[in-house]
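Please find one structure pasted underneath; my questions will follow.
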Amino acid sequence: VQPRKNLTALIEAYGDFVKGIPDQDPEKYGYKLVIAGSIGWMAQDILSAPSRLGIQEKVVFTGRVADLELSNLYLGAQIYVQPSITEGFGLPVLEAMNAGVPVISSNGGALPEVVGNAGLIVELGVMFRTELAKTIKKLVENPRLRQKLIDAGENRVREYSWGKVAKETLKLLIDTAY
């Protein structure tokens with residue numbers, strides 16, 4: 001939980017999504033926004049955003065979680081959102097895909113390369129919050145799209161493995177040495 005993760009924008013987009021729901025149908029829209037991770041630097045604005053927006057009962061900050069709890073969070077998730085301004089690789093998007101969770105990501109850093117066509121990419125910029133809220137709504141309301149992304153995510157995860165990384169790294173080292 002720190003500024004580069006762009007969580008304030010995620011909380012605001014989620015607030016827009018929740019407030020745009022007619023009748024607050026709990027069967028269809030009873031979701032909570034769960035944010036897992038250690039509390040980092042400059043986190044106060046992020047932590048206070050749900051109260052400022054009047055959605056504090058719908059946003060949960062778990063703090064750092066153990067691997068088993070993280071796995072359970074993925075398994076219980078309807079959508080995984082990675083709104084970061086920048087990311088080096090974005091392993092959590094692959095973890096979510098591996099758990100059968102459709103992914104929405106920003107185009108920050110290496111995220112578009114990792115997500116590929118297996119998730120929905122929302123472009124960072126002045127319209128990010130609005131577009132993210134629309135994308136969340138679109139994914140919640142479209143079971144066919146959800147399933148398409150789940151299937152694509154399963155295929156995408158197969159493209160990444162530690163064995164493949166080791167082989168490609170070894171090949172690169174050998175090719176560079178000669």
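The values are calculated or read from the model by the stated rules, or taken from the named source; none is laboratory data. Computed from a predicted structure; not experimentally measured. With ideal geometry, Cβ positions are generated from the backbone for all residues, glycine too; neighbour counts draw on all protein chains shown. SASA here: full protein model, heavy atoms, side chains in, ligands and nucleic acids out. Shrake-Rupley method; radii C 1.70, N 1.55, O 1.52, S 1.80 Å.
Please verify whether the range 29-50 includes one or more residues that are within 23 Å of GLU159 (Cα to Cα) and open to solvent by 50 Å² or more (accessible area, probe 1.4 Å). Write out each step before concluding.
First, pick out the residues of the range 29-50 that are within 23 Å of GLU159 (Cα to Cα): none.
Checked the range 29-50: no residue is within 23 Å of GLU159 (Cα to Cα) and open to solvent by 50 Å² or more (accessible area, probe 1.4 Å).
Filter the range 29-59 down to the residues that are assigned to a strand (DSSP E or B) and free of Cβ contacts under 8 Å to residues at least 40 places away in the same chain and list them by number. First the steps, then the outcome.
Quick first cut of the range 29-59, residues assigned to a strand (DSSP E or B) only: 33-36, 59.
If the condition is that a residue be assigned to a strand (DSSP E or B) and free of Cβ contacts under 8 Å to residues at least 40 places away in the same chain, then LEU33, ILE35, ALA36 are the ones that fit.
The conditions are (1) at positive phi; (2) touching a Lys or Arg at 6+ places or on another chain (Cβ under 6 Å), and PRO102 fails exactly one of them. Which is it?
Exception for PRO102: condition (1).
Take VAL140 and decide whether it is open to solvent by less than 70 Å² (accessible area, probe 1.4 Å) and within 17 Å of the chain's Cα centre (by Cα).
Details: open to solvent by less than 70 Å² (accessible area, probe 1.4 Å): yes; within 17 Å of the chain's Cα centre (by Cα): yes.
Judged against the criteria, VAL140 is a match.
Identify, from the list LEU94, LEU132, the residue that is in contact (Cβ under 8 Å) with a residue 40 or more places away in the chain and within 18 Å of GLY15 (Cβ to Cβ). It would help to see each step written out before you state the result.
On the way: LEU94 fails: within 18 Å of GLY15 (Cβ to Cβ).
The match here is LEU132.
Suppose we keep only residues that are among the basic types (Lys, Arg) and in contact with a Gly (Cβ under 8 Å, 6 or more places away or on another chain) within the range 137-173. Which one would you say is nearest to GLY100 (Cα to Cα)?
Filtering first and then ranking leaves ARG156.
Right, here's the next one. Check the range 62-76 and report whether any residue there is closer than 21 Å to PRO3 by Cα, among the charged types (D, E, K, R) and open to solvent by 80 Å² or more (accessible area, probe 1.4 Å).
As a first pass, look at the range 62-76 and keep what is closer than 21 Å to PRO3 by Cα: 62-65.
Among the residues that remain, those that are also among the charged types (D, E, K, R) are: 64.
Filter once more, keeping what is open to solvent by 80 Å² or more (accessible area, probe 1.4 Å): 64.
Looking for residues that are closer than 21 Å to PRO3 by Cα, among the charged types (D, E, K, R) and open to solvent by 80 Å² or more (accessible area, probe 1.4 Å), one finds at least one in the range 62-76, hence yes.
Consider GLU57 against the criteria (1) over 15 Å from the mean Cα position of the chain (by Cα); (2) open to solvent by 70 Å² or more (accessible area, probe 1.4 Å); (3) more than 22 Å from LYS137 (Cβ to Cβ); (4) of a type outside the set (A, V, I, L, M): it satisfies all of them except one. Which criterion is unmet?
Result: GLU57 passes all but (3).
Follow-up question, since we're still on this one. From the list VAL114, VAL101, exactly one residue is within 23 Å of SER71 (Cβ to Cβ), in contact (Cβ under 8 Å) with a residue 12 or more places away in the chain and touching a strand residue (DSSP E or B) at 6+ places or on another chain (Cβ under 6 Å). Which is it?
Working: VAL114 fails: touching a strand residue (DSSP E or B) at 6+ places or on another chain (Cβ under 6 Å).
Exactly one of VAL114, VAL101 is within 23 Å of SER71 (Cβ to Cβ), in contact (Cβ under 8 Å) with a residue 12 or more places away in the chain and touching a strand residue (DSSP E or B) at 6+ places or on another chain (Cβ under 6 Å), namely VAL101.
Determine, yes or no, whether ILE85 is open to solvent by 30 Å² or more (accessible area, probe 1.4 Å), within 30 Å of VAL165 (Cα to Cα) and under 13 Å from the mean Cα position of the chain (by Cα).
Spelling it out, ILE85 is indeed open to solvent by 30 Å² or more (accessible area, probe 1.4 Å), within 30 Å of VAL165 (Cα to Cα) and under 13 Å from the mean Cα position of the chain (by Cα).
Please go through the range 88-98 and pick out each residue that is of a type in the set (A, V, I, L, M) and either in contact with a strand residue (DSSP E or B) (Cβ under 7 Å, 6 or more places away or on another chain) or surrounded by fewer than 13 Cβ atoms within 10 Å (Cβ to Cβ) (or both).
Going through the range 88-98, the residues of a type in the set (A, V, I, L, M) turn out to be 91, 93-94, 96-97.
Hits for the range 88-98 are LEU91, VAL93, ALA96, MET97.
Please determine whether any residue of the range 13-24 is open to solvent by 20 Å² or more (accessible area, probe 1.4 Å), modelled with pLDDT under 95 and touching a Leu at 6+ places or on another chain (Cβ under 6 Å).
No: the range 13-24 contains no residue that is open to solvent by 20 Å² or more (accessible area, probe 1.4 Å), modelled with pLDDT under 95 and touching a Leu at 6+ places or on another chain (Cβ under 6 Å).
Among the residues of the range 111-137, which ones are in contact with a Leu (Cβ under 6 Å, 6 or more places away or on another chain) and surrounded by fewer than 19 Cβ atoms within 10 Å (Cβ to Cβ)?
Passing the criteria: none in range.
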